[in-house]
Amino acid sequence: MCSSLGDGEVSLYASECNNFSIRCAFCGSEAVVQETVYELPKIGKALLVSVHCAGCGYRRREVVPIEVRKRKRTYYLVESGEDLNAKVIRGNAASIEIPELGISVTPGAAATLTVTNIEGLLRMFQDAAKSIEVLEKKETPFVNQLEDIIKNGGRFTLIIDDPLGISSIEPPSDRCKLKLLIEEVEGELSLS
């Protein structure tokens, strides 16, 4: 479980750790919860929560940012295959939009902090579209359109709107930094 280095410090990066038990919502057995406060690069202080039920095997891990910053909107112009390698940190409250592809994703109640790259985001959208195809029992050209962009490149704008100001896009090279625009936004994010 949680081990201490002394002077209240849990590890080199963690400052606090708590363990406790809860009743598993799925099987009713005892589940163990571990909460650890970490200092994460680019994110700041965050609560890492893991839940594990030995009874049914249920597991959930989540990173919950503790520090709230000003709301910001980040724009990144994707023009080449190299741009697909830009690192993306998407906070659990952030929405994502790619206007040219008709993609608009707002976070749900179970949304988690995600660290990936732009290709990884496109793959997530592709997986979601494939799931919809299975449910509707018909193919759409959208899955193939995303695959074509991943393999051959394309031009689009990735927009991340984060009311907690945690999300970021890190271009893969210095010359790609010119394609990045970050604006601080006044007011609350409207999810209507």
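The values are calculated or read from the model by the stated rules, or taken from the named source; none is laboratory data. All values derive from a computational prediction rather than experimental measurement. No Cβ is skipped: glycine too gets one built from the backbone with ideal geometry, and neighbour counts run over all protein chains shown. Accessible surface areas use protein heavy atoms only, side chains included; no ligands, DNA or RNA. Shrake-Rupley method; radii C 1.70, N 1.55, O 1.52, S 1.80 Å.
Quick look at the numbers
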| item | result |
| --- | --- |
| ³J(HN,Hα) computed for each position of the range 159-176 - Karplus, 6.51 cos²θ - 1.76 cosθ + 1.60, integer Hz, glycine/proline x | 10, 10, 10, 10, x, 9, x, 8, 4, 7, 10, 10, x, x, 8, 4, 5, 7 |
| Cα-based helix-to-principal-axis angle, 141-152 vs the chain, degrees rounded to 10 | 90 degrees |
| Carbon/sulfur fraction of accessible area - the chain, other protein chains in place, 1.4 Å, % | 52 percent |
| Under-5 Å amide H pairs with Glu16, H placed in peptide plane, nonlocal only | Val10, Val37 |
| Flagged links, alpha-carbon separation over 29 Å, of Lys45/Lys72; Lys137/Lys179; Lys87/Lys151 | Lys137/Lys179 |
| Taking the range 23-77 and dividing mean pair separation by its residue count, relative contact order in percent (alpha carbons under 8 Å, at least six apart) | 28 percent |
| Helix-only CD estimate at 222 nm, as mean residue ellipticity for the chain, using -39500 (n - 2.57) per DSSP H run (n ≥ 4) | -5500 deg cm²/dmol |
| Relative contact order computed over the range 74-190 (Cα-Cα under 8 Å; 6+ residues apart), in percent | 47 percent |
| For the range 11-165, size of Cβ-based charge dipole, Lys and Arg +1, Asp and Glu -1, in debye | 360 debye |
| Degrees between helix 118-136 axis and first principal axis of the chain (Cα, 0 to 90, nearest 10) | 90 degrees |
| Relative contact order for the range 58-131, counting Cα pairs under 8 Å that sit 6 or more residues apart, in percent | 33 percent |
| Å² per residue, accessible surface of the chain at 1.4 Å | 59 Å² |
| Relative packing of peptides 67-74, 55-62, 100-107 - highest average C-beta neighbours within 10 Å first | 67-74, 100-107, 55-62 |
| Charge-dipole axis of the chain as Lys and Arg at +1 and Asp and Glu at -1 on Cβ define it, positive-most pick from His52, Gly153, Leu84 | His52 |
